[in-house]
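All remarks here apply to the structure that follows.
The values are calculated or read from the model by the stated rules, or taken from the named source; none is laboratory data. Worth saying up front: this structure is predicted, and the values here are computed from it rather than measured. Positions of Cβ are backbone-derived with ideal geometry, glycine not excepted, and every protein chain shown enters the neighbour counts. The area values use the complete protein model at the heavy-atom level, side chains included, leaving out ligands, DNA and RNA. Shrake-Rupley method; radii C 1.70, N 1.55, O 1.52, S 1.80 Å.
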Amino acid sequence: MADQTRVLLDDIDEPGLHTIEVYERLGGYQALRKALTTMEPDEIVAELQASGLRGRGGAGFSMGQKASFMPKGTMDKYLCCNADESEPGTFKDRLLMQKNPHRLIEGIVIAAVAAGANRAFIYIRGEYVLQADILNAAVAEARARGYVGANILGSGHDVDLVVHRGAGAYICGEETALLDSLEGKRGNPRLKPPFPANQGLFRGPTLINNVETLSNVPIVIAKGAEWFKQRGTEKSTGTKVVSVSGNVQRPGNYEIELGIPAREIVYGLAGGPPPGRKVKCWFPGGSSAPVLLEEDLDRPYSFESMAEAGSMLGSGAIIVVDDSVPIVSLALRVARFYRHESCGKCVPCREGTNWTVKMLERIDRGEATPMDIEILDQVQQNIMGNCLCVLGDSMAMPVRSMIAKFKDEFIAHNERAREAADRLAVGAGLSSEPVDAAA
Amino acid sequence: MTPEHGNGRTLRARDPVAADHLAGAPEQAATPVPSVPAGWDRSADLTKPPATIPDPAQVEVPEDLRREIEEHMAKYPDRRSAALPALAAAQRVHGWCSPEAIAQVAAVMRVTPAYLSSVVTFYDMLNSEPVGRHYVYVCTSVSCHLRNAQALADAMKAALEPGDDINVREFECLGACDMAPMCDVDGRYIGPVDPSEAPDVIAAVREGRTPLPGRGLGDDGFHLPWEQES
Amino acid sequence: MPKPEPKLITFEIDGREVQAPEGMMLVDAARLGDVEIPFFCYEPKLGAPVGACRMCLVEIEGMPKLQTSCSTPVKDGMVVSTTSERVKQAQNAVVEFLLVNHPLDCPVCDKGGECPLQDISYGWGAGRSRFIEPKRHFEKPVALSPLIAIDRERCILCYRCVRFSQEIAEDYQLVFLERGDHTFVGTHDGHPYVAPFSGNIVELCPVGALTSQAYRFRARPWDIEDAGSICTLCPSQCNVKYTTRDDTRVLRVLARDNQGVDDGWLCDKGRFGYQAIHAPERVTQPLVRDGGALRPVSWERALSEAARALARAGGRSAAIVGGQATNEEGFLVQHLMREVLGSPHVDSRPSGVLDPAQARALARPDLTAAVPDIEWAGAVLVLDTELVDEMPILDLRVRKGVRRNGVRLVVATSRPSSLDPNARAVVRFTPGAGEAFLAALGAALGDGRGLDELAGRAGASPEAVRAAADALRDAGPVVVVWGERLSGGERGRQAVARLLDLARTLELAGTEGAGLLEVPRGTNARGLREVGCLPNLAPGLADAAAAGKSAGEIAAAVPEEISALLLVHADPLSSHPDRGAWERALDRAGSVIAFADFLTPGLEEHATVVFPSESEAEKDGTMTHPDGRVQRVRQAIARPPEVLPNWQVLAELCERIGKPAGVVSGPAVFERIVASVPFYEGLTLAELGGKGVRWQERDGAGRVPESTLPEGGLEEPPPLEAADLRLGTAPSLWSGPVVEHSPILRFLLADQRVELSVEDGERLGVSTGDEVAVTVGGASVRGVARLRSDVPPGSVFLVEGTQSENATALTNGRPRAVKVARAAREVTPA
């Protein structure tokens, strides 16, 4: 097995790491102490910016820059930790929260102080019951030790922290939908602008970051931006926890330095597809990323290289699809996910996901014409760029990429299914055509 | 309908009579008649009064539930933020977000029942219809789909017996693709689960046992089959 | 919050330069350059844009993605295209998506011909659909309420209706349920959407999904015409558009947006009450009592009987003018009384006497707030009125001010108000103790001396009064929205003195955007006051040559001093306090001559002559809004053949009694009014036009008679008398002839209900739903008990104006201590 880099996951197997005693024994909360007692909030932001740490939730935006957008002033400001990890293929935040909740809490408190926020929330998906319980216990411990609450470490900074559980809706991982959901509403994305940094939670300036991003914060502060930048590539600094799943022999979370070849992750770490199988295609960044082919595995796994390949690194979740999987069933499975999770607010997403599923079902049943595959592709184009948030595009991008890369298979699948349906119809006495012996 | 699409084959397959005949045929051949989303056909019951914010004097709320909701409300700058935790609490008491459960939450939170209904029906984990008190969510999303999750879901459903107080449901990505195929039993993730183990899982839930001990995320010594034991 | 002053900028759209106020949304700014951008969900009246429909996407130079023009404020130098290939493709795409699940049943759709989805599909769609999957079909339409049907196949989920319910009416009954393509508009658990403003969603719906149960299938757009007027059912005087057919029937009432009046909304009574116009029970020919019953007669007979009776009574005549009378009718009534019959007895107020000096002070232009001031005030005090029942559209305006501009709201009433949850401070005072409350508030705003004692006299909590004062102090301009009830009782004069004192304390007179706004009982109460329909005031708020009797005094003076009663749009038995006194008066009066459109029980039993009245859609005239806006009531449909204009009947009576009024047309009466009311000087009907004119904003405003605010010398309010339960009464939006006679509204008709605190209910052994009797001085009113946790102990509330068991049986303008007890249920025959 290839070697992993161990930064975020350094002590992950340490028994009892989720308790404050063990975390502190391993040097936990020292970064918080450093940040609060030796740095001004502006210096924290500058350090984060200098580190080049990019958001690990999907968009890959510079974390420090995002924090720098928070307005100064005495209004109520908020920090939200996005722990609604729901993108198919992604399960890294689950691990980080379950095994090392205190590093996340430490990161949240540092980031909140940097952003001038005195109320922080962890929005954790409702299905993560175990992780929510662990976080709640950890927050209570941190509060008891004075790392959360009023006047933290005597610095005069107050950060209150509440763990807020969702209730089952993928869209709440979209940052503005998360805000609506946290305000007790349906999780509908909001129009931007206003951006959350100006008007977010409860109409106050709000900084929203992913679990992995915030878990990196204590590392950046403790070891410094320079140390952090030495890992990864120039534009994708640091390490990344990659979730690998699907048709591989060792699915799991692997920490890597960004920029290593994807093949090393898929084959070296995750063992590649089962014996006798080949990689048919793979999603480099969760199910919303356009699929790449086997030959793309030799590209470096980084934000910029995946973009060059026409896809994206997204949340860093690699789903491997082997050659036993019909592409139509994959496309349909992806489309059904996004149809189910579309919030219904904007027209192209609501109707486009629904229409796409119906067309794919028709292709799957053999009831389509080649022109339908053209229409399917155009519908994806009509969704892309026209929606309120990225959910519609999240279906359109992978589906389009599958049509582009496996068009012949779509046509052949439809033909085969049509022939099978005809045989059945004949068997059921619905056709005068002779009964096929195979039916 | 444009002529170029109107081939006889698709029309025939869409014919409801044909669909009926095909009902017993293998899956890929059956044309689903478009379903009506629950509620679309429903008329308002004009004998009911409008559902305004309930007067606390008219709604009895179990004391523990009231206290829990009020504690949630106190955690946020706006009391409405407590909607999800409050509804989850009421669902624990009532088994689902029944009109009675919603009325109780509405009375404590001082919001209209419709506000809460709107929230309940948006989220997959809140039930707007009565369901079993235990749940088994089988993840059938992309990564699990690639590892034969459908067979697991079917096996779970087949293992149910009449009278089981269990809500078996196919669920979208549960964030445990490494455990695929997997299921979430009352908040405990177990996996990978072989379809042949489904009857045992259901029986355990039925009998109040822990299904597949040691195979749950968070169980002592839990590890995936291909991981070294730590 | 002060109204922002917009600055003009220049931008380019589709190759042309256009000027627009900075910050205006692009979709609106485009229209200034005659560029139309299609949209469905955008509706600025509903608040911030939601960007849901995606129809208004445009291309803006320098922005990589298409932008929703509904949410993009226009900036100087912006270059916009609405016709580029990318934009066209997006527009085609959105139309195609919208029609994916739309049934395209335009030929049988009520909206057909006036449907934005239809228009936009033609204008911006590709004209074809590639969607060949089966569409969803199901039961349609289904009822959303008795007023509204919903067709969920047609719905495009544009958010307008649910935003209205949630963010404008704030009733939050109408919501989206489910998610994604299963989303639908609905209510909680199948409850109907019944709320005072629900009908607005029909007008907001851009497709045929929400239709009026009353209008469905009655007409096609090419069958109908529009006629602008104002609604005369309450003092809101909302601007409306009647949809008429064949010049004889009103089929629908729509809002006619007037920022100064209604903000484009209507209440359901105003929207659906038109059905009463065509009710078979309506009086459409003259009636005369003959052999104990009212019988149809010729106009000649009715006029001669009435003229003879009035002439005989002469100075012993008296007139009661209801709030629905126009300025013209009111002017002619007081002319008939004072100039023709020599009687000073004319009153348009149901209760109490308004002191002439106070009337003039209240009319001061610098002391009167305009409706929009509510929205932009620093603070609004809602005093002794429940807006949603008494002037509904202002309820929405107050909510808007609080929601959008952070207006500090203070609610000071006896009965819990639906505005309480929006208020920064809420004060509950004992019914009838408005004077004491104002005294306490004055103390709290001043040095605080005597506050506890005065609050005690008001039955209010001193802390609540202090909180109210804190909210009003240094808030910026304050608007006091006060109910006529405050001035109506026995101590009305002292209460108004306190109100004027508050105006002085808060410097309302000298502050832009501040002022008083009265919520009167009658639609045109202000106009009637200004044209001389008060016993002590002549037209123009001048002292009357001889002071006449007020309504209550008139009732008491029959038959000794008064023998003939002229009731113009009034039945004192349902609208005036002290029902017993009025029953005696009507019983003993020699003649009771009424102008009416419906025979209320009082008229049915007591009227000797009834002239059929024009309905609001059949009349021409003017009314004056409580904020001084003189507005036109315009005829929309023909009168039934036997109905004459009231002004004409009144003029005819003058003529027959021997002193012609000298008017030959409705407009001529208006000219007479303008000549008699100095501050209406120069007003013409043409100037009033479609939106009316506030007389305070014209030159004539300087000619309102001089008045000064009282300084000091205020009486102490009396202490509260000991009582177990004190009676408060309040009108309901859902009482009165219009609700009774509009079939579609009848389900809302207010029954008598007795609101009690939970504590009092327990003490008296009364539970919600019990039949109880409220008793005082031998009179009793029965109703169904309702225990409310927000009613303060010691108060009990009844509804005024119900068809039976009217609370007026128990009221007499003084605080009333009542007894409440469970009533034996009446046995109904099987």
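Diagonalise the Cα gyration tensor of chain A and give the resulting equivalent ellipsoid semi-axes, square root of 5 times each eigenvalue, largest first, whole Å. Walk me through the intermediate numbers first.
Details: eigenvalues 377, 112, 68 Å².
The answer is 43, 24, 18 Å, longest axis first.
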Rounded to the nearest 10 Å², the accessible area of C:Glu687 at probe 1.4 Å
80
Can you list residues whose amide H is under 5 Å from A:Tyr78's amide H, if they're 5+ apart or on another chain and H is modeled 1.01 Å from N?
A:Thr206, A:Leu207
Across the range C:385-515, how large is the tail of the calculated P(r) beyond 25 Å, expressed as a percent of all Cα pairs?
18
Am I reading the B/C interface right? What is its buried accessible area, both sides, 1.4 Å probe, to the nearest 100 Å²?
3500
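In chain C, carbon and sulfur make up what percent of the accessible area (probe 1.4 Å)? Each step should come with its number before you reach the end.
On the way: 14400 of 29430 Å².
Carbon-and-sulfur percentage of accessible area, whole number: 49.
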Working from the pairwise distances between different alpha carbons, so that the mean of 1/r is found and then inverted, what is the range B:134-207's Kirkwood radius in Å?
11.7
Working from the alpha-carbon coordinates of the range C:372-461, get Rg over Rh, Rh being the Kirkwood radius.
1.00
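Out of all Cα-Cα pairs in the range C:221-302, roughly what percent, to the nearest whole number, are more than 20 Å apart? Mind showing how you got there, number by number?
Numbers: 1606 of 3321 pairs.
Across the range C:221-302, Cα pairs with separations above 20 Å total 48 percent.
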Dimensionless Rg/Rh of the range C:185-338 - Kirkwood Rh, Rg from C-alpha atoms:
1.09
Give the peptides C:225-234, A:214-223, A:345-354, C:126-135 in descending order of average Cβ contacts within 10 Å, highest first.
A:345-354, A:214-223, C:225-234, C:126-135
Using protein chains only (no ligands, no nucleic acids) and a 1.4 Å probe, work out which residues of the range B:138-176 have their accessible area cut by at least 30 Å² relative to the chain alone.
B:Val142, B:Ser143, B:His145, B:Leu146, B:Arg147, B:Glu172, B:Cys173, B:Gly175
Check each residue of the range B:83-107 and keep those whose accessible area, probe 1.4 Å, is at least 30 Å² smaller with all protein chains in place than in the chain alone; give them in order of residue number.
B:Leu84, B:Pro99
Solvent exposure of the protein assembly as shown as accessible area per residue, Å², 1.4 Å probe
36
Descending principal axes extents, the range A:163-220, alpha-carbon based, whole Å
35, 27, 16
Can you tell me the mean projection area, over all orientations, of the convex hull of the protein assembly as shown's alpha carbons? Units nm², please.
60.2
Keeping all protein chains in the complex and leaving out DNA, RNA and ligands, what accessible area do you get for A:Lys66 with a 1.4 Å probe, in Å² to the nearest 10?
60
Those trypsin sites (Lys or Arg not before Pro) from the range C:407-465 that are DSSP loop and have at most 15 other Cβ neighbours within 10 Å turn out to be C:Arg449
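Quick check: convex hull of the Cα atoms in the range B:56-120, volume per residue, rounded to a whole Å³?
Numbers: hull volume 4.7 nm³, N = 65.
Spelled out: Cα convex hull of the range B:56-120, divided by residues, is 72 Å³.
Can you give the average number of partner chain beta-carbon atoms within 10 Å of each beta-carbon in peptide A:171-180, as a whole number? If you can, show how the numbers build up before the last one.
Values: counts 3, 3, 0, 0, 0, 0, 0, 0, 0, 0.
Rounded to a whole number, the mean comes out at 1.
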Once you've got the GNM for chain A with C-alpha springs shorter than 10 Å, pick whichever of A:Cys80, A:Cys172, A:Cys343 has the biggest mean-square fluctuation.
A:Cys343
Whose amide H sits under 5 Å from the amide H of A:Met312, counting only residues 5 or more places off or on another chain, with H placed in the peptide plane?
A:Gly285
What is the diffusion coefficient of the range C:8-83 in µm²/s, taking the Kirkwood radius over Cα pairs and the Stokes-Einstein relation at 37 °C with a viscosity of 0.692 mPa s?
270
Rg and Dmax in Å for the range B:82-190, alpha carbons only: what are they?
15.6, 47
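Please compute, over every Cα-Cα pair in the range C:6-163, the percentage with a separation greater than 22 angstrom.
Values: 5885 of 12403 pairs.
In whole percent, the share of Cα-Cα pairs in the range C:6-163 beyond 22 Å is 47.
Based on alpha-carbon atoms only, what is the radius of gyration of the range C:82-186 relative to the globular estimate 2.2 N^0.38 Å? Before the final figure, lay out the partial values.
Values: Rg = 15.3 Å, N = 105, 2.2 N^0.38 = 12.9 Å.
Rounded to two decimals, the normalised Rg is 1.19.
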Carbon and sulfur atoms: what percent of the 1.4 Å accessible area of the range B:56-120 do they account for?
47
To the nearest hundred square angstrom, how large is the accessible surface buried between B and A, total for both chains, probe 1.4 angstrom?
5200
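Divide, for chain C, the radius of gyration over alpha carbons by 2.2 N^0.38 Å, where N is the residue count. List each step's numbers first, then the result.
Details: Rg = 27.9 Å, N = 830, 2.2 N^0.38 = 28.3 Å.
Dividing the Cα Rg of chain C by 2.2 N^0.38 Å gives 0.99.
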Threshold 40 Å², the range A:316-341 residues less accessible with all protein chains present than alone (1.4 Å probe):
A:Arg333, A:His340
When only alpha-carbon atoms count, how far does the range C:106-156 stretch along each of its three principal axes, as whole angstroms with the largest first?
38, 27, 18
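When you have a sec, figure out the Kirkwood radius of the range A:327-425 from all distinct Cα pair distances and drop it here in Å to one decimal? Present the calculation step by step, with values, prior to reporting the outcome.
On the way: mean 1/r = 0.0750 Å⁻¹.
It is 13.3 Å.
How big, on average over all directions, is the shadow cast by the Cα convex hull of the range C:725-822, in nm²?
6.2
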Taking every Cα atom in the range C:313-352, find the radius of gyration and the maximum pairwise distance Dmax, and write them in Å.
9.9, 26
Could you give the semi-axes, largest first, of the ellipsoid that matches the range A:239-322, computed as the square roots of 5 times the alpha carbon gyration tensor eigenvalues and rounded to whole Å?
17, 14, 11
When you take every Cα atom in the range A:1-142, what is the radius of gyration, and what is Dmax, the widest Cα pair distance, in Å?
15.5, 52
Taking a point 7 angstrom from the Cα of A:Gln381 along the C-beta vector, which residues in the range C:73-112 have backbone N less than 19 Å away?
C:83-98
Modelled label-to-label distance, C:Asp474 and A:Ala137, 7 Å Cα→beta-carbon offset: nm?
5.1
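Sorted by packing (mean other beta-carbon atoms within 10 Å per residue), highest first, where do A:112-119, A:45-52 land? Don't skip to the answer; put the middle values down first.
On the way: A:112-119: 24.4, A:45-52: 21.1.
The packing order, highest mean first, is A:112-119, A:45-52.
If you add up the charges near A:Val139, with Lys and Arg at +1 and Asp and Glu at -1, over every other residue whose beta carbon is less than 14 angstrom from its beta carbon, what do you get? Kindly include the intermediate steps, with their values, before the conclusion.
On the way: positive: A:Arg103, A:Arg119, A:Arg143, A:Arg145, A:Arg165, B:Lys75; negative: A:Glu106, A:Asp133, A:Glu141, A:Asp160.
That sum, taken over residues with Cβ under 14 Å, equals +2.
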Running a GNM on chain A with Cα contacts under 10 Å, which residue among A:Ala167, A:Ala421, A:Ala138 ends up with the highest mean-square fluctuation?
A:Ala421
Specify the residue with the greatest mean-square fluctuation among A:Gly27, A:Gly385, A:Gly259, computed from a Gaussian network of chain A linking alpha-carbon atoms under 10 Å apart.
A:Gly27
Rounded accessible area of A:Ser311 (nearest 10 Å², 1.4 Å probe):
10
